[in-house]
Amino acid sequence: MAARINKINHDEKTKRLIAASQLLNRLTAHGNGTVEMTPSQVQAAKIVIAKSIPDLKQMELVGDADRPIAIQAIRREIVENPDN
């Protein structure tokens, strides 16, 4: 295969996300039984992934008893990425 003429230069955030994605793929393969990993490898992968990809946390919106929160509209909007 020929080498790339135009090399892709990723920023540090993109490089971290790519590395985390590779670790996720390896952990998934380990969970499926196709790849063997030691307990310390699993723990290290979990730590790196936690530092690269934030955990999703549950949020609850509550209002007053007199003025409960009501959703007026749900909109989908495309915005520019501030990191680019």
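Here are the numbers for the structure shown:
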quantity: Candidate values [x] 94; [y] 115; [z] 241, label of the one derived for volume of the Cα convex hull per residue in Å³; calculated: [z]
quantity: Spin-label model distance (nm) - ARG76 vs LYS15, 7 Å beyond Cα toward Cβ; calculated: 3.5
quantity: Rounded tilt (10° steps) of 39-52 against the dominant C-alpha axis of the chain; calculated: 50
quantity: Cross-link partners of LYS51 among lysines (Cα-Cα below 23 Å; sequence separation of 8 or more within a chain); calculated: LYS13, LYS15
quantity: For the stretch 19-35 versus the stretch 65-81, the gap between their alpha-carbon centres in whole angstrom; calculated: 36
quantity: The stretch 12-52: mean projected area of Cα convex hull, nm²; calculated: 2.6
quantity: Tilt relative to the chain, helix 12-32 - C-alpha long axis, 0 to 90 degrees, to 10; calculated: 80
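FYI, it's all coordinate maths here, none of it is from the lab. Quick caveat: nothing in here was measured; it's all calculated off a predicted structure. Every residue, glycine as well, gets a Cβ built from its backbone with ideal geometry; the counts of neighbours run over all protein chains shown.
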